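K.L.:
This is the structure I want to talk about, given as structure tokens.
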Amino acid sequence: METKEGAILREARQRLGLTQQQVADMARIQLRQYQRYEGGERRLSTAAFHSACNVLEVLQLDVTTFAREKNMK
């Protein structure tokens, strides 16, 4: 089940024309780990700080903006 966080990640990835594999490779994490973030199985906001920052950097998302957007209803 996709979450607000997952939707933000998916939309950013698609906007950049990247595959999930490309994001995972550039963020230096496993593909399945990224898929869990995007699919809502795991929350990026509770992930290891380093991993979360890498994903947000690859997707050109500002951490403050991401935090605000994921909490908006």
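K.L.:
Can you list the HN-Hα couplings for the range 40-51, worked out from phi with the Karplus curve (6.51, -1.76, 1.60; θ = phi - 60°), rounded to whole Hz and with x for Gly and Pro?
P.N.:
So the Karplus estimates, Gly and Pro as x, are x, 6, 9, 9, 5, 5, 10, 6, 4, 3, 4, 5 Hz.
K.L.:
Still on this structure: Over the chain, with a Gaussian network built from C-alpha contacts below 10 Å, which listed residue (L16, L44, L59) shows the highest mean-square fluctuation?
P.N.:
Among L16, L44, L59, the largest mean-square fluctuation in the Gaussian network model of the chain belongs to L16.
K.L.:
Sticking with this one: I need the GluC sites (Glu not before Pro) found in the range 3-73, filtered to DSSP loop residues with at most 15 other beta carbons within 10 Å of theirs.
P.N.:
When the GluC sites (Glu not before Pro) of the range 3-73 are filtered for loop state and at most 15 Cβ neighbours within 10 Å, E41 remain.
No value in this document is a laboratory result; all are computed from the given coordinates. Because the structure is a prediction, the values reported are computed rather than measured. Cβ atoms come from the backbone with ideal geometry, glycine included; neighbour counts cover every protein chain shown.
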